[in-house]
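Below: the structure, in structure tokens.
The values are calculated or read from the model by the stated rules, or taken from the named source; none is laboratory data. Keep in mind that this is a model prediction, so the values were computed, not measured. Heads up, the Cβs are rebuilt from the backbone with ideal geometry, glycines too, and the neighbour counts pull from every protein chain shown.
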Amino acid sequence: MKIALSTDLYELTMAQSYLEHGKKGKAVFSLFVRKLPPNRNFLISCGLETLMEHLENFTFDKESLLYLKSLGIFKDFFLDYLEEYKVKANIYAIPEGRIVFENEPIVQIEGNLPDVQILETVVINVIHFHMVIASKAVRSFLASKGKALVDFGLRRAHTLEAGLFAARASYIGGFEGTSNLEAGRRFGIPVYGTVAHSYIMIFDKEEEAFKAFAKSFPERAIHLIDTYDTLKAIDKVIHLVKEGMPAVGVRIDSGDIPYLTKEVRKKLKKAGLEHIKIIVSGGVDEYKIEEWLKEGAEIDAFGVGTKFITSADHPYLDMAYKLVEYEGKPKYKTSPGKVTFPYKRQVFRTYNENGKMDKDFVVLYGKEREGEKLVEEVMKNGSLIYKFPSLKEIRDRVMDELERLPNHLKELKKAYYEVIIE
């Protein structure tokens, strides 16, 4: 896919017009979320490394230029400009894995006006998707109260690429692993999987399927027990385990989850098989996790799929990439509901005596005040100057952030945190 053409037409028409009218001064664009969704108390900064990889490849090759010429829209001087185009910006960002709130500059891009205008679509697209999914994933992590979570969402993702980067975002957001093999290969995320109901149904007897899979994969033998009758199936598993069949766990994908898991646990305990884990999948999200655990469901791990990977309860953020400065002058909107704040900015975070986040202050870049600085310089004149941490280090950063997050913001119900614009 041609990265540079994965943009909106108006980015290029604006850039050509800027050049025609001599608008080539230094501009600053800021990417931020105007307002948090009604069911989000915070967001996770995510996608920066992926964005930088995209920007390194953001060039217009011969095939792309021929297509643009064929549209009959662009002038030869502008096509010549695009032929030489390379990202030469200064980029400032809040690193991946940090907790962020509304009106905070997640990514700020500084450079010649046409150069940085062109980047609007790709910047929003990459950061928006990663943050939507990471921020959804961390809610399941908080609701799970230490139970393991695995991404099972690839088949319901909106394209294979979305499934790939959702797996990355979910791992950052606290998941243990993914079923997505390409995500495992590319990002080093642990991979997990069991069997489908078709595997159980292909055998004449349910117990034959259990024995066959255990023989093939004794160290990964998680038996799917809800194809026919869950409670009869667990009795079969217990009988076979006592005869020597391996069983790491059992998976339930449907039915009355609290009731079934409690009954299955009773049977396992009675048989002296407490080591066998109970994994639940099927329609799992943070709301179901919270509901089931409150009802006393006996669950060791969750396979989280459709509702997580589509962020079903809120699949978008009110994210914008807006001009905030041009040739040193402030630029901002005043339209109702879409007011913006001028100039490149820094975020200072303060903490209370218990080490919990207290307030964020969004101030002019270069101004000093009390608190921890969140914004870091990532690129200077087109050269990357930031050393990206490993995925595991980003995930650990999220865990540290959650330790410092006030408890009321960890709940699924709406709560607020103060962000002060100075």
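Points to keep in mind about this one:
- Condition check for Glu403: more than 27 Å from Leu119 (Cβ to Cβ), within 21 Å of the chain's Cα centre (by Cα) and exposed (fewer than 13 other Cβ atoms within 10 Å of the Cβ): yes
- Top-ranked residue in region 86-110 [being in contact with a helix residue (DSSP H, G or I) (Cβ under 8 Å, 6 or more places away or on another chain), in a strand (DSSP E or B) and not β-branched (Val, Ile, Thr); ranked as surrounded by the fewest Cβ atoms within 10 Å (Cβ to Cβ)]: Glu110
- Residues that are over 30 Å from Gly184 (Cβ atoms) and among the hydroxyl-bearing types (Ser, Thr, Tyr) number at least 2 in the following strands (runs of 3 or more DSSP E) confined to region 322-402: 345-351.
- Taken over region 370-422, residues that are farther than 16 Å from Thr50 by Cα and touching a Pro at 6+ places or on another chain (Cβ under 9 Å) amount to 8.
- Hits in region 343-357 (condition: charged (D, E, K, R) and touching a residue at least 40 places away in the same chain (Cβ under 8 Å)): Lys344, Arg345, Lys356
- Of the numbered criteria (1) in contact (Cβ under 8 Å) with a residue 40 or more places away in the chain; (2) surrounded by fewer than 16 Cβ atoms within 10 Å (Cβ to Cβ), the one Glu370 fails is (1).
- Which numbered condition Gly296 misses (of (1) surrounded by 13 or more Cβ atoms within 10 Å (Cβ to Cβ); (2) touching a residue at least 12 places away in the same chain (Cβ under 8 Å); (3) under 30 Å from Ile234 (Cα atoms)): (1)
- The set of residues in region 250-264 being within 11 Å of Ile299 (Cα to Cα) and either of a type in the set (S, T, N, Q) or buried (at least 19 other Cβ atoms within 10 Å of the Cβ) (or both) consists of Val250, Arg251, Ile252, Ile257, Leu260, Thr261, Val264.
- Counting only residues that are outside any loop (DSSP other than H, G, I, E, B), out of contact with any Ser or Thr (no Cβ under 9 Å at 6 or more places or on another chain), touching a residue at least 60 places away in the same chain (Cβ under 8 Å) and among the polar types (S, T, N, Q), region 13-55 holds 3 of them.
- Check on Asn57, modelled with pLDDT of 95 or more, polar (S, T, N, Q) and out of contact with any Leu (no Cβ under 6 Å at 6 or more places or on another chain): no
- Screening region 255-287 for residues that are free of Cβ contacts under 8 Å to residues at least 24 places away in the same chain and in a helix (DSSP H, G or I) and picking the one that is nearest to Ala221 (Cα to Cα) gives Lys269.
- Per the listing Tyr343, Tyr351, Tyr316, the residue uniquely touching an Asp or Glu at 6+ places or on another chain (Cβ under 7 Å) and loosely packed, with under 15 Cβ neighbours inside 10 Å is Tyr351.
- Ser45 being closer than 23 Å to Ser311 by Cβ, hydroxyl-bearing (Ser, Thr, Tyr) and modelled with pLDDT under 95: no
- Any hit, region 84-100, residues being more than 32 Å from the chain's Cα centre (by Cα) and more than 30 Å from Tyr416 (Cβ to Cβ): yes
- Residue within region 265-273 that is closer than 23 Å to Met201 by Cα, surrounded by fewer than 18 Cβ atoms within 10 Å (Cβ to Cβ) and not acidic (Asp, Glu) present: no
- Of all residues assigned to region 300-317, none qualifies as being in a loop (DSSP other than H, G, I, E, B) and under 24 Å from Asn112 (Cα atoms).
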